[in-house]
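A.B. asks: Could you have a look at this structure, given as structure tokens, before my questions?
The values are calculated or read from the model by the stated rules, or taken from the named source; none is laboratory data. Bear in mind the structure is a predicted one, so any value in this text is a computation, not a measurement. Note: ideal-geometry Cβ built from the backbone for every residue, glycine included; neighbour counts use all protein chains shown. Just the protein is used for accessible areas: all its heavy atoms, side chains included, with ligands, DNA and RNA removed. Shrake-Rupley method; radii C 1.70, N 1.55, O 1.52, S 1.80 Å.
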Amino acid sequence: MSETRRRHTSTASSATADFVVPRRRPIVLGNWKMNKTTTQAVVLAQDISNHYYRDYDRVETVLCPPFIDLKSVANVLEFDRSALRLGAQDVYWEESGAYTGAISPAMLVEVGCAYCIVGHSERRGLFGETDRDVNRKVQALLSAGISPVICVGEGAATREAGERPTQEFIAGQLEAAFEGVGASGAARSVVAYEPIWAIGTGRTATPEQAQEICAQIRGRISERYGHATAQAVRLVYGGSVKPENVGFFVQMPDLDGCLAGGAALDAPAFIELVKAFL
Ligand code: 13P
């Protein structure tokens, strides 16, 4: 990452001089969604691991396969002594009990997950996940020592309604997700801005749109938790990120990485995303 990228006017600060913001470690996550049987997942994880060189470690790189593939992918990474990290796509907030089909934070810890996506728009839209559910998941994950990757993002109708409704919508999702969460928990979280209209559509937000929302998110976190926490939280963009467009997002001062869907299923393409943030 270049000095220019780091040297900028922080949007979450009252300071206006250009000063060097403490560097956040970039993070690139691959959300495999409901793709890859266990056999296929092992092949993809191995392929990514083979393409992943030691000096890419400056970018924290996280594979998020389906639950059923986690153990097999963990085995591949362990065998390769890989610096690649493991993440889940969802969690349930209870510790254990009669919750058929659910997976607890402790189960994710034992399999080796360092991260877990929560509040993805597909879970919100298709499976009825509410802001309250997202908050419970965030709290349960933080208690278990897993960093939540909190997805926020507006639909096309909200975006078309204008800047203010879009900002208010995202602020509402963010406030709800962090309800009852302390500054250290917030600092360990990742917030992913994923506008719904850009997911799987090939239509990305412009880097300026993503930067504007991420600056706003950082500003809200600063108001709530203070400047230091806001500067520690990593913000990523997701929505049709590809090797061809990732370079534009890298330039944006409040973007610390990306959350890829489609491009995460192709090892060389995924590695290009990682390399862009080096
Ligand atoms: P695509 O990269 O396929 O648009 O998916 C983005 C996403 O939803 C990642 O969580």
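A.B. asks: Of the residues in segment 140-178, how many are aromatic (Phe, Trp, Tyr) and modelled with pLDDT under 95?
C.D. replies: Residues flagged as aromatic (Phe, Trp, Tyr) and modelled with pLDDT under 95 within segment 140-178 amount to 0.
A.B. asks: Next question. Are any of the residues in segment 157-166 at positive phi and more than 15 Å from the ligand (Cβ to nearest atom)?
C.D. replies: The answer is yes; a qualifying residue exists.
A.B. asks: Six or more apart or on different chains, Cβ under 7 Å: which pairs go from a residue in segment 164-192 that's among the acidic types (Asp, Glu) to one that's at pLDDT 95 or above? Could you list them?
C.D. replies: Filtered contacts from segment 164-192: GLU179/ASN135.
A.B. asks: Something else: Give me the pairs, please: first residue somewhere in segment 229-245 and under 21 Å from SER121 (Cα atoms), second residue anywhere and within 8 Å of the ligand (Cβ to nearest atom) and in a helix (DSSP H, G or I), beta-carbon distance under 7 Å, and either six or more positions apart or on two chains.
C.D. replies: From segment 229-245, the pairs are GLY239/ALA198; SER240/ALA198; VAL241/ALA263; LYS242/ALA263.
A.B. asks: Within segment 180-190, can one find any residue that is assigned to a loop (DSSP other than H, G, I, E, B), more than 10 Å from the ligand (Cβ to nearest atom) and within 16 Å of LEU235 (Cα to Cα)?
C.D. replies: yes
A.B. asks: Has segment 203-217 got at least one residue that is touching a residue at least 12 places away in the same chain (Cβ under 8 Å), away from the ligand (no atom under 16 Å from the Cβ), within 18 Å of ALA228 (Cβ to Cβ) and open to solvent by less than 10 Å² (accessible area, probe 1.4 Å)?
C.D. replies: Looking for residues that are touching a residue at least 12 places away in the same chain (Cβ under 8 Å), away from the ligand (no atom under 16 Å from the Cβ), within 18 Å of ALA228 (Cβ to Cβ) and open to solvent by less than 10 Å² (accessible area, probe 1.4 Å), one finds at least one in segment 203-217, hence yes.
A.B. asks: State all residues of segment 65-75 that are open to solvent by less than 10 Å² (accessible area, probe 1.4 Å) and either in contact (Cβ under 8 Å) with a residue 60 or more places away in the chain or aliphatic (A, V, I, L, M) (or both); if no residue qualifies, say none.
C.D. replies: Result: LEU70, VAL73.
A.B. asks: Mind checking which residues of segment 125-141 are assigned to a helix (DSSP H, G or I) and either out of contact with any Cys (no Cβ under 8 Å at 6 or more places or on another chain) or among the aromatic types (Phe, Trp, Tyr) (or both)?
C.D. replies: Selection gives GLY125, LEU126, PHE127, ASP131, ARG132, ASP133, VAL134, ASN135, ARG136, VAL138, GLN139, ALA140.
A.B. asks: Then there is this: Under 9 Å between Cβ atoms, at least 6 apart or on separate chains: pull out the pairs that start in segment 31-42 with a residue that is on the phi > 0 side of the Ramachandran plot and end on any residue that is more than 12 Å from the ligand (Cβ to nearest atom) and open to solvent by 80 Å² or more (accessible area, probe 1.4 Å).
C.D. replies: Qualifying pairs under 9 Å: LYS36/VAL43.
A.B. asks: Which ones in segment 87-107 are under 25 Å from TYR56 (Cα atoms) and either of a type in the set (Gly, Ala, Ser) or more than 16 Å from the ligand (Cβ to nearest atom) (or both)? Break it down into steps so the answer makes sense when it comes.
C.D. replies: Taking segment 87-107 as the starting set, the residues that turn out to be under 25 Å from TYR56 (Cα atoms) are 87-89.
Matches in segment 87-107: GLY87, ALA88.
A.B. asks: Suppose we filter segment 198-256 for residues that are farther than 20 Å from LYS275 by Cα and basic (Lys, Arg); how many remain?
C.D. replies: Result for segment 198-256: 4.
A.B. asks: Does GLU208 satisfy the condition of being in a helix (DSSP H, G or I), more than 21 Å from ALA260 (Cβ to Cβ) and among the acidic types (Asp, Glu)?
C.D. replies: no
A.B. asks: For segment 94-110, what are the residues that are in a loop (DSSP other than H, G, I, E, B) and surrounded by 14 or more Cβ atoms within 10 Å (Cβ to Cβ)?
C.D. replies: Passing the criteria: ALA102, ILE103, SER104.
A.B. asks: Which ones in segment 19-77 are within 16 Å of the ligand (Cβ to nearest atom) and small (Gly, Ala, Ser)?
C.D. replies: Scanning segment 19-77 gives a single hit, GLY30.
A.B. asks: Go over the candidates ARG220, ARG188 one by one and state the one that is out of contact with any strand residue (DSSP E or B) (no Cβ under 8 Å at 6 or more places or on another chain) and surrounded by fewer than 23 Cβ atoms within 10 Å (Cβ to Cβ).
C.D. replies: ARG220
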